[in-house]
1. Within segment 444-462, how many residues turn out to be touching a residue at least 60 places away in the same chain (Cβ under 8 Å) and in a helix (DSSP H, G or I)?
2. If you check every pair at least six apart or on different chains, which have Cβ atoms under 9 Å apart with a residue in segment 528-548 that is under 14 Å from GLN511 (Cβ atoms) first and a residue that is hydroxyl-bearing (Ser, Thr, Tyr) second?
3. Please verify whether segment 139-156 includes one or more residues that are touching a Pro at 6+ places or on another chain (Cβ under 7 Å) and buried (at least 24 other Cβ atoms within 10 Å of the Cβ).
4. Specify the residue that is modelled with the highest pLDDT; the eligible residues are those in segment 257-305 that are among the hydrophobic types (A, V, I, L, M, F, W, C) and not in a helix (DSSP H, G or I).
5. On the basis of being of a type in the set (Val, Ile, Thr), farther than 21 Å from ALA501 by Cα and surrounded by 17 or more Cβ atoms within 10 Å (Cβ to Cβ), does ILE433 make the cut?
6. Any idea how many residues of segment 354-379 are part of a loop (DSSP other than H, G, I, E, B) and in contact with a Gly (Cβ under 8 Å, 6 or more places away or on another chain)?
7. Give the residues of segment 392-432 that are under 15 Å from PHE343 (Cβ atoms), at pLDDT 95 or above and of a type in the set (Asp, Glu), sorted by residue number.
Amino acid sequence: MRPKRFLAALLSVALLTQPGAFAQSRGSSTVGISTQTEGPPMEIGPLNSYVEPIVPPEIAQGVFGIYGGAQSRFSGNAGANTGWRAPIVTQQLPDLGNGGAASLTPQAERKLGERVMRELRRDPDYLDDWLVRDYLNSVATKLAAAANAQYIGGYRPDFDLFAIRDSQINAFSLPGGFIGVNTGLIVTTQTESELASVLGHEMGHVLQRHISRMITTGERSGYAALAGLLFGILAGVIAHSGDLGSAIAIGGQAYAVDNQLRFSRSAEHEADRVGFLLLVGAGYDPYAMATFFHRLDRASMSDTGVPAYARTHPLTGERIADMEDRARRAPYRQPHQASEYGFVRARARLLQDRSRGEYTDEISRLRSEIEDRTALNVAANWYGIAYGQMLLERYDDAAASLASSRAVFVAGERSEGEAARSSPSLDVLAADIARRAGRDDEAVRLAELAQKRWPQSNAAIDMHIRTLLTMRRFADVQALALKETRAYPEQPAWWLYLAQASAGNGDALTQHRALAEKFALEGAWLSAIRQLKEARDIKTIGYYDLATVDARLHEMESRYREERLEEKG
């Protein structure tokens, strides 16, 4: 993100509210436009900044969200270890105060996070890769289920994890449950448990409401604190080195910096301990966090320099010893590592690269690891080679390498059943290779198979839609995209596909309304309003459709005026 864009983002986000606008009150209500749950599917879009998820009565009230709860595609695989439920009060967490008593409401935190994410998604290093996102959020779902089982956290954030193209070893938290993970971190971990330990740490920051509690610490005005904090968050994220602790320190420079850093250290300890509870509660290796800390600590003493994670999350001997002690006292069981971990890790190695030369070099390294018998996962290495060859447009070679990956994977699997002999990554890549190679019929067949095998995979659904679009099967795409917008209206991609398919079908009304919802999710209010006005002006529009378009237009115009007033302060 360029400096001018950063300044624009800073001004728009740091000035988004008047002093005291985020103060919590007993009668506070959700900011934004309410979402209609009955009636035609496109009447009202997902504009609420925070929507209470519907939690089934058999599930204790706790941490749930878009990817972490009852509405999640991944909720069927929560994997929480219900046999390890020690109350959080017995885990000797640092006394940082009551996370639920902060002045920044969950609704306000989510709204802040969404405004920051609008800017971040425009950064070319933001990776909108469904396979990586699906996997990261599936791990977060397991950790969130463990938080729920142990009654950790005072509210249910909508965890939304995403990847950043950055070779630095780091991850960071944003307000409202948004968590960024650098590709360098994914690649550096050697087990799924190590990756889960870092994700659990970042989720600990969110669950303990550290950003909100930071603002209430000290004798500072709410508005000045908010502006400073957001400056730190944006600066840290854009520099690809930000995490909650460093963002707080940067944002608080105009105030008592020493106090900020002391609080940040305490927050790191608390996030470690909450993350550890999530890690073990979800059935991961309890030693993973200490193991990963030790590896980073050794790296910081080498000639390669201090890893970004060690800089933004200072790895003191006390932190490492604390995690080792807790691991020794925790019940241990051999964790099962999801097959997707290896494939996503290999995919991340290629996603870090930008040029054909870099793809070629990475393919050579993956081959050398197989030949030298140093590959952590041979099937994953072959998968990475296949993905790289596809990016280089060597489609026959890519198909052959993917076949090698599948053969090694199947040979190593002891489970029975068709799904056990494959994975979303393998099936989606097979369809993608065929699609790019122009083998349309084969691509559709493989994409349909992938979605049949993995009905909860966003990546499989996305690939199926893209292959159908390539073949101009607009009616099929429209039906699939409409189903997805009903089930997951917060995802702009589904609205875009619906608009594209509707345009191909000559359905101008649905096209304009779908584009309006996509633009609204991205905060492009003027573009969204323009689309609805064009829909309203269609000569053949019926009375009922006209009424619903007018109502939605009024809501979007109100939201646009609201945000304009907030930015003016």
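The values are calculated or read from the model by the stated rules, or taken from the named source; none is laboratory data. All figures in this text were calculated on a predicted structure; none of them were measured in a lab. A quick note on method: Cβ atoms are made from the backbone with ideal geometry, for glycine too, and the neighbour counts reach across all protein chains shown.
1. The first filter runs over segment 444-462 and keeps only residues touching a residue at least 60 places away in the same chain (Cβ under 8 Å), leaving 456-459, 462.
If we keep only those that are in a helix (DSSP H, G or I) too, we end up with 458-459, 462.
So the answer is 3.
2. From segment 528-548, the pairs are ALA528/TYR560; ALA535/THR510.
3. Yes; the residues of segment 139-156 include at least one that is touching a Pro at 6+ places or on another chain (Cβ under 7 Å) and buried (at least 24 other Cβ atoms within 10 Å of the Cβ).
4. First pass over segment 257-305, keeping only residues among the hydrophobic types (A, V, I, L, M, F, W, C): 257, 261, 263, 267, 271, 274, 276-280, 282, 288-290, 292-293, 296, 299, 301.
When the remaining residues are screened for being not in a helix (DSSP H, G or I), the result is 282, 301.
Details: ALA282: 93, MET301: 58.
Taking the candidates together, the pick is ALA282.
5. Yes; evaluated as a whole, the condition is true for this residue.
6. Filtering segment 354-379 down to residues part of a loop (DSSP other than H, G, I, E, B) leaves 354-355, 372-377.
Keeping just the survivors that are in contact with a Gly (Cβ under 8 Å, 6 or more places away or on another chain) gives 376-377.
Summing the residues that are part of a loop (DSSP other than H, G, I, E, B) and in contact with a Gly (Cβ under 8 Å, 6 or more places away or on another chain) in segment 354-379 gives 2.
7. Scanning segment 392-432 gives ASP427, ASP432.
This table checks each residue for (1) in contact with a helix residue (DSSP H, G or I) (Cβ under 9 Å, 6 or more places away or on another chain); (2) in contact (Cβ under 8 Å) with a residue 24 or more places away in the chain; (3) on the phi < 0 side of the Ramachandran plot; (4) not assigned by TED's automatic domain parsing to the domain that holds ASP285.
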residue: GLU358; (1), (2), (3), (4): yes, no, yes, yes
residue: THR374; (1), (2), (3), (4): yes, no, yes, yes
residue: GLY384; (1), (2), (3), (4): yes, yes, yes, yes
residue: GLU393; (1), (2), (3), (4): yes, yes, no, yes
residue: VAL408; (1), (2), (3), (4): yes, yes, yes, yes
residue: ASP427; (1), (2), (3), (4): yes, yes, yes, yes
residue: GLU442; (1), (2), (3), (4): yes, no, yes, yes
